[in-house]
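The values are calculated or read from the model by the stated rules, or taken from the named source; none is laboratory data. All figures in this text were calculated on a predicted structure; none of them were measured in a lab. Note that each Cβ is placed from the backbone with ideal geometry, even for glycine, and that neighbours are counted across all protein chains shown.
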Amino acid sequence: MAEMTKWLEGFVYRGRPPWVTEAPAWHVEIGRCVEDDDGGREMLMPLTLTPEQAAAAGFPLPAVLAAIDVAALADRDAALAEAAALRSERDALAAELAARRAAASEPETAASDKAAL
(Lines give C-alpha, C1' and ligand atoms only; values in the text may rest on other atoms or scores of the structure.)
Protein backbone atom coordinates (compact mmCIF):
# COMPACT_ATOMS: atom_id res chain seq x y z
CA MET A 1 0.00 0.00 0.00
CA ALA A 2 1.43 3.39 -1.02
CA GLU A 3 2.01 5.91 1.72
CA MET A 4 1.81 9.69 1.25
CA THR A 5 4.25 11.94 3.09
CA LYS A 6 3.45 15.66 3.36
CA TRP A 7 5.56 18.55 4.62
CA LEU A 8 5.65 22.31 4.66
CA GLU A 9 7.45 23.18 1.43
CA GLY A 10 6.84 26.90 1.24
CA PHE A 11 5.01 29.86 2.66
CA VAL A 12 4.24 33.04 0.76
CA TYR A 13 2.91 36.21 2.37
CA ARG A 14 1.53 38.77 -0.03
CA GLY A 15 1.26 42.22 1.46
CA ARG A 16 -0.72 45.05 -0.05
CA PRO A 17 0.11 48.71 -0.62
CA PRO A 18 -1.26 51.03 2.09
CA TRP A 19 -3.98 52.40 -0.20
CA VAL A 20 -5.43 48.95 -0.98
CA THR A 21 -8.21 47.93 1.39
CA GLU A 22 -7.96 44.23 0.60
CA ALA A 23 -6.37 42.26 3.42
CA PRO A 24 -2.91 40.75 2.97
CA ALA A 25 -2.96 37.20 1.67
CA TRP A 26 -0.85 34.15 2.20
CA HIS A 27 -0.67 30.63 0.93
CA VAL A 28 1.12 27.45 1.88
CA GLU A 29 2.87 25.00 -0.41
CA ILE A 30 2.69 21.43 0.77
CA GLY A 31 5.34 19.05 -0.54
CA ARG A 32 4.17 15.53 -1.26
CA CYS A 33 5.85 12.22 -1.86
CA VAL A 34 4.34 8.78 -2.40
CA GLU A 35 6.35 5.80 -1.19
CA ASP A 36 5.40 2.36 -2.48
CA ASP A 37 5.78 -0.95 -0.68
CA ASP A 38 9.17 -1.57 -2.32
CA GLY A 39 10.60 1.66 -0.95
CA GLY A 40 10.40 3.56 -4.23
CA ARG A 41 9.50 7.21 -3.97
CA GLU A 42 7.65 9.44 -6.37
CA MET A 43 7.77 13.17 -5.76
CA LEU A 44 4.52 14.90 -6.61
CA MET A 45 3.95 18.53 -7.51
CA PRO A 46 3.49 20.63 -4.36
CA LEU A 47 -0.02 21.71 -3.48
CA THR A 48 -0.61 25.45 -3.18
CA LEU A 49 -3.30 25.95 -0.56
CA THR A 50 -5.37 28.86 0.64
CA PRO A 51 -5.40 29.55 4.40
CA GLU A 52 -8.61 27.56 4.80
CA GLN A 53 -7.32 24.63 2.76
CA ALA A 54 -4.01 24.66 4.62
CA ALA A 55 -5.76 24.57 8.00
CA ALA A 56 -7.98 21.71 6.86
CA ALA A 57 -4.88 19.80 5.69
CA GLY A 58 -3.27 20.18 9.14
CA PHE A 59 -1.19 23.26 8.40
CA PRO A 60 -2.92 26.17 10.20
CA LEU A 61 -1.14 29.52 10.16
CA PRO A 62 0.15 29.34 13.76
CA ALA A 63 1.70 25.91 13.09
CA VAL A 64 3.22 27.10 9.80
CA LEU A 65 4.76 30.17 11.42
CA ALA A 66 6.04 28.09 14.35
CA ALA A 67 7.71 25.65 11.94
CA ILE A 68 9.33 28.54 10.08
CA ASP A 69 10.55 30.03 13.38
CA VAL A 70 12.02 26.70 14.52
CA ALA A 71 13.89 26.24 11.23
CA ALA A 72 15.13 29.84 11.15
CA LEU A 73 16.30 29.72 14.78
CA ALA A 74 18.05 26.39 14.19
CA ASP A 75 19.88 27.91 11.22
CA ARG A 76 20.79 30.95 13.32
CA ASP A 77 22.02 28.79 16.19
CA ALA A 78 24.14 26.69 13.82
CA ALA A 79 25.65 29.85 12.32
CA LEU A 80 26.42 31.23 15.80
CA ALA A 81 28.07 27.96 16.82
CA GLU A 82 30.14 27.93 13.63
CA ALA A 83 31.18 31.55 14.19
CA ALA A 84 32.18 30.78 17.79
CA ALA A 85 34.26 27.80 16.64
CA LEU A 86 35.96 29.94 14.00
CA ARG A 87 36.69 32.67 16.56
CA SER A 88 38.22 30.07 18.89
CA GLU A 89 40.34 28.73 16.05
CA ARG A 90 41.43 32.26 15.14
CA ASP A 91 42.31 33.05 18.74
CA ALA A 92 44.31 29.82 19.08
CA LEU A 93 46.23 30.61 15.89
CA ALA A 94 46.87 34.18 17.07
CA ALA A 95 48.22 32.85 20.39
CA GLU A 96 50.42 30.35 18.56
CA LEU A 97 51.77 33.09 16.29
CA ALA A 98 52.48 35.34 19.27
CA ALA A 99 54.31 32.49 21.02
CA ARG A 100 56.40 31.79 17.92
CA ARG A 101 57.25 35.47 17.55
CA ALA A 102 58.25 35.65 21.21
CA ALA A 103 60.39 32.52 20.87
CA ALA A 104 62.04 33.88 17.74
CA SER A 105 62.96 37.16 19.44
CA GLU A 106 64.41 35.51 22.58
CA PRO A 107 67.86 34.73 21.11
CA GLU A 108 68.23 38.36 19.99
CA THR A 109 67.32 39.57 23.44
CA ALA A 110 69.73 37.15 25.11
CA ALA A 111 72.54 38.13 22.74
CA SER A 112 71.96 41.85 23.28
CA ASP A 113 71.92 41.30 27.07
CA LYS A 114 75.33 39.55 26.85
CA ALA A 115 76.76 42.32 24.68
CA ALA A 116 75.68 44.94 27.21
CA LEU A 117 77.66 43.20 29.95
Members of region 23-34 found to be over 17 Å from ILE68 (Cα atoms) and at pLDDT 90 or above, listed by number: ARG32, CYS33, VAL34
Selection from region 25-42 of residues that are surrounded by fewer than 12 Cβ atoms within 10 Å (Cβ to Cβ) and either assigned to a loop (DSSP other than H, G, I, E, B) or touching a Gly at 6+ places or on another chain (Cβ under 6 Å) (or both): ASP36, ASP37, ASP38, GLY39, GLY40
Given (1) part of a helix (DSSP H, G or I); (2) farther than 22 Å from LYS6 by Cβ, index of the condition GLU22 fails: (1)
Identity of the residue in region 1-41, in contact with a helix residue (DSSP H, G or I) (Cβ under 8 Å, 6 or more places away or on another chain) and among the aromatic types (Phe, Trp, Tyr), that ends up nearest to GLN53 (Cα to Cα): TRP26
